[in-house]
Amino acid sequence: MAEEDVELGRKIAFYRGRRGLSQREFAPLIDRSEAWLSQVERGVRAAKSLDVLERIARVLDVPMAELAPTAPAVAATERPASAVPLRLLLSANFALRAVLGKQPQPDLDALRNDTDQVWVLAHESRYEELVGLLETLLPRLEAAAGSDDASEVFALLARSYHACAAALAKLQQFDAAWVAADRAISDAGRAGDPLLMAEGAFRLTLVFQGARQLDQAEHTATTASVALEGLVEQGIPEALSVYGALTLQRAVIAARTERAEEAWQHLSRAREIASRLGEDRNDYHTEFGPTNVALHEVAVAVDLGDAGEAVRRAATIDASRLSPERRGRLLIDVARAWTQRRNVERALAALEDAEQIAPEQVYRHRLVHTMVRDLVRMETDVPPALEDFARRAGVALAGR
């Protein structure tokens, strides 16, 4: 057998053990026999099917890039309805139209207000309204870029494209999200705002993680953090916020690549930065502060397979001041922890709570779909409430 097949078998055995599953329990979850699984884990049989590998990755809650680095990163899936107009926005030639046409004097107050509203909609996962606003805002911003207020307009453009990138990433449109984030960084450079550029690095880090390109995510976060060190030493609050947010992402990446000690070191550094700030802030839409550090401690504990620690830490968090997006993500992580502990009732309760806060985010989240399938397989008689949730989230259940 090829060495990569032997290594794949070792990884499957390791992550299966971390989930507390025997071969007999795990095999039905991936629609394979116990004998097949035993042969793969011992390296005497290759697992080549992309569908099977994706199924294994979903059940184990492991990025495909970690489980099988040579496999295609993401299989083709149907695009969410909200993603199509967002992608089309990136294909429009607003800048060309602005250059060739005569433009009126821009209403900066209206542009500022609409840009602020774009971020409200993005944070609340209200994608249809977000599309409608961006369709009118981006052409007006591009038209205003040639005015005497060009520097501020470019900053508003950068912020708008950042929001677009954030929404596309949550909708799992990672190629388009990369384009939006790159445009944001370029416009931030034209605005002369290095921290707005650093926010772009933060967005790219999230995009690359979603696309399972963890090497790129780590490289982006690390190089941006190094670049910000001078501003951090000066104690500039906005720089501390962006640097802290990048540090949290470095912790998540370390956890997802099984570097537990490094993950907790990054979290310790992030907590130190948050203590220097002394409060929860939302500089450059990072929502960085002590509470967000606590949220990431939960996420890292889940990624490292320590469900008990995740549940314990989550119980101490007051996330009421954070955006619906962040509160929803915390509850998804809590649901992941209860799923790891095979507690269907509590996992479903956490998912339903998340659904009340950010329904679109929950319905579109890859991890939610994975959890629902896992929870269904754990039950001989599937609770009606779980079936109802699966239906609302658009999760197809075999035989139902």
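Data overview
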read-out	value
Residue within the stretch 323-334 that is of a type in the set (Ser, Thr, Tyr) and either farther than 19 Å from Ala385 by Cβ or in contact with a Cys (Cβ under 8 Å, 6 or more places away or on another chain) (or both) present	yes
Unique match (being outside the structural domain of Leu60 (by TED's automatic domain parsing) and farther than 26 Å from Phe174 by Cβ) among Glu258, Glu287, Glu279, Glu218	Glu279
Lone unmet requirement of (1) in the same structural domain as Leu277 (by TED's automatic domain parsing); (2) out of contact with any Asp or Glu (no Cβ under 8 Å at 6 or more places or on another chain) for Val242	(2)
Search result, residues across the stretch 293-344 that are touching a residue at least 24 places away in the same chain (Cβ under 8 Å) and charged (D, E, K, R)	Glu297, Asp303, Asp318, Arg321, Glu325, Arg326, Arg327, Arg329, Asp333, Arg336, Arg341, Arg342
Enumeration of residues in the stretch 254-282 that are assigned to a helix (DSSP H, G or I) and at pLDDT below 95	Ala254, Ala255, Arg256, Ala260
Among the residues listed as Leu157, Leu130, the single one being of a type in the set (A, V, I, L, M), within 25 Å of the chain's Cα centre (by Cα) and more than 21 Å from Leu100 (Cβ to Cβ)	Leu130
Candidate set: the stretch 12-30, residues that are assigned to a helix (DSSP H, G or I) and out of contact with any helix residue (DSSP H, G or I) (no Cβ under 6 Å at 6 or more places or on another chain); chosen: the one modelled with the lowest pLDDT	Arg18
Residue that is of a type in the set (Asp, Glu) and under 29 Å from Ala122 (Cβ atoms), where the choices are Glu379, Glu355, Glu345	Glu355
Search result, residues across the stretch 232-267 that are farther than 25 Å from Leu304 by Cβ, polar (S, T, N, Q) and crowded, with 23+ Cβ neighbours inside 10 Å	Ser241
Val226, sole failed condition from (1) β-branched (Val, Ile, Thr); (2) within 14 Å of the chain's Cα centre (by Cα); (3) surrounded by fewer than 17 Cβ atoms within 10 Å (Cβ to Cβ)	(2)
Extreme residue, modelled with the lowest pLDDT, among residues of the stretch 44-83 that are surrounded by fewer than 19 Cβ atoms within 10 Å (Cβ to Cβ) and of a type in the set (Val, Ile, Thr)	Val74
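To keep it simple, each residue is scored yes or no on (1) in a helix (DSSP H, G or I); (2) closer than 23 Å to Ala81 by Cα; (3) aromatic (Phe, Trp, Tyr).
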residue	(1), (2), (3)
Leu121	yes, yes, no
Leu130	yes, yes, no
Ser147	no, no, no
Tyr161	yes, yes, yes
Ala169	yes, yes, no
Ala184	yes, no, no
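Each row is one residue, and each column tells you yes or no for (1) touching a residue at least 12 places away in the same chain (Cβ under 8 Å); (2) touching a Pro at 6+ places or on another chain (Cβ under 9 Å); (3) in the same structural domain as Thr286 (by TED's automatic domain parsing); (4) closer than 22 Å to Val362 by Cβ.
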site: Asp109; (1), (2), (3), (4): no, no, no, no
site: His123; (1), (2), (3), (4): yes, yes, no, yes
site: Arg140; (1), (2), (3), (4): yes, yes, no, no
site: Ser147; (1), (2), (3), (4): yes, yes, no, no
site: Ala163; (1), (2), (3), (4): yes, no, no, yes
site: Trp178; (1), (2), (3), (4): yes, no, no, no
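Let's see how each residue does on (1) more than 29 Å from Val207 (Cβ to Cβ); (2) surrounded by fewer than 20 Cβ atoms within 10 Å (Cβ to Cβ); (3) in the same structural domain as Arg24 (by TED's automatic domain parsing); (4) of a type outside the set (S, T, N, Q):
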site: Gln340; (1), (2), (3), (4): no, no, no, no
site: Asn343; (1), (2), (3), (4): yes, yes, no, no
site: Arg346; (1), (2), (3), (4): yes, yes, no, yes
site: Asp353; (1), (2), (3), (4): no, yes, no, yes
site: Val362; (1), (2), (3), (4): no, no, no, yes
site: Gly394; (1), (2), (3), (4): no, yes, no, yes
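The values are calculated or read from the model by the stated rules, or taken from the named source; none is laboratory data. All of these numbers come straight from a predicted model, not from anything done at the bench. Methodologically, a virtual Cβ is constructed for each residue, glycine included, from the backbone with ideal geometry; neighbour enumeration extends over all protein chains shown.
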